[in-house]
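As structure tokens, the structure follows; a few thoughts come after it.
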Amino acid sequence: MAESPSSPVALLRAHARHAPWNARGLAAHATALVEASAMRPTNAVARAEPSARAVRFYVSTGLLDRPEGTGTAATYGYRHLLQLLFIKIRQREGQTLEKIKSELAGLSGDALERRAATALAPALGAGADAPAPPGDSEAVWHRIPVANGIEVHVRDDSPAARREAIVAIREAVRAALGRADIR
């Protein structure tokens, strides 16, 4: 059965187009989604935003699958995003990393995707990746500078969606140019 274009799973799948990410980009993308969901963390560990360092730690402990490539050339895809989202969601629900690791081992990709989409439904509904409704010629587009001479146009559906789009685009430009000096 095909997902409705407005279902949380379909809206989450739209984020796959931003892949691949480096560790920092993956962490930023997951952070934007989790923060926009307004899930209340149960403790300080759950409140912590994932970082590139946390992503590498999760890989080393088997919580996240190994990325493609190694070192600074390592790239992470949509499944990594789902795994990282699941980790942060379960941490916010009060679970330990050991418990989360055992849960991840038993989850299929579809179950992982459904679980993340259900938990993040409020954030996904306002996401910048949602397709524009037919006849949406009145949409307001904003020009955002990404690097020297490069700008992107994004729909400003919500501050969280705009921030997430900016982070994802900046990471893609950084990766494409092989530069870290892009603001």
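The values are calculated or read from the model by the stated rules, or taken from the named source; none is laboratory data. Keep in mind that what you see is a predicted model, and the values were worked out from it rather than measured. Glycine also receives a Cβ, built like all others from the backbone with ideal geometry; neighbour counts cover every protein chain displayed.
What the table below lists for this structure:
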{"quantity": "Top-ranked residue in the stretch 100-123 [being surrounded by 12 or more Cβ atoms within 10 Å (Cβ to Cβ) and not in a helix (DSSP H, G or I); ranked as modelled with the highest pLDDT]", "calculated": "Leu107"}
{"quantity": "Enumeration of residues in the stretch 49-91 that are in a loop (DSSP other than H, G, I, E, B) and on the phi > 0 side of the Ramachandran plot", "calculated": "Gly62, Gly69"}
{"quantity": "Qualifying residue in the stretch 92-99 (condition: hydrophobic (A, V, I, L, M, F, W, C), free of Cβ contacts under 8 Å to residues at least 60 places away in the same chain and either under 20 Å from His29 (Cα atoms) or not in a helix (DSSP H, G or I) (or both))", "calculated": "no"}
{"quantity": "Residue, modelled with the highest pLDDT, within the stretch 56-95, restricted to residues that are under 15 Å from Val34 (Cα atoms) and β-branched (Val, Ile, Thr)", "calculated": "Ile87"}
{"quantity": "Residue check, Ala161 under 16 Å from the mean Cα position of the chain (by Cα), surrounded by 15 or more Cβ atoms within 10 Å (Cβ to Cβ), at pLDDT 85 or above and within 24 Å of Glu35 (Cα to Cα)", "calculated": "no"}
